[in-house]
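The values are calculated or read from the model by the stated rules, or taken from the named source; none is laboratory data. Since the model is a prediction, treat every value here as computed from it, not as a measurement. Glycine gets a Cβ as well: all are built from the backbone with ideal geometry, and neighbour counts include every protein chain shown.
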Amino acid sequence: MVCRIRLQRMGVKNNPIYRLVVVDSRRSVSSGNIVEKIGVYDPRAKSMNYMFFQEALNPQDKFKTCYIDIDRVKYWLGQGAQPSEHVLKLLANMGLAPPKPQVIPKGWDPKVWDESFKQAHLYWKRKNKIEEQL
């Protein structure tokens, strides 16, 4: 069976919640026949106070909710299931899949590209040090 790991939209209008599901790729997407539900992803950032009703936490802290059964994801990837593009990004953020390789834009010199990447890396490194000191 040829399978894909994809996001299935749930929720209500203007408030999407996605299920991470394994589907048979030979069937149409709208058929609704899923092999297994392996997670939930809520892309809307919510404040910590909204989720836990604690006053001590900073209300500016925002996060997205993602619950994934890692063992089942590894199993299905081992069975040859192909993740969709958005699922691949989620898995890369969790460290389960390699990140998408950087492509140097046409007409750019690789040396210049590497320099700009290093400058951006140094900027974020300095910014993180400043945040740690605060």
- Message: Out of the helices (runs of 4 or more DSSP H) lying entirely within the range 4-103, which hold 2 or more residues that are modelled with pLDDT of 85 or more?
- Response: 70-78, 85-94
- Residue, nearest to Arg4 (Cα to Cα), within the range 78-89, restricted to residues that are out of contact with any Leu (no Cβ under 8 Å at 6 or more places or on another chain) and aliphatic (A, V, I, L, M): Ala81
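Inspect all residues belonging to the range 104-117 and state whether any of them is in a loop (DSSP other than H, G, I, E, B) and at pLDDT 70 or above.
No: zero hits.
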- Query: If you scan the range 4-19, which residues turn out to be farther than 10 Å from Ser84 by Cβ and aliphatic (A, V, I, L, M)?
  - Reply: Met10, Val12, Ile17
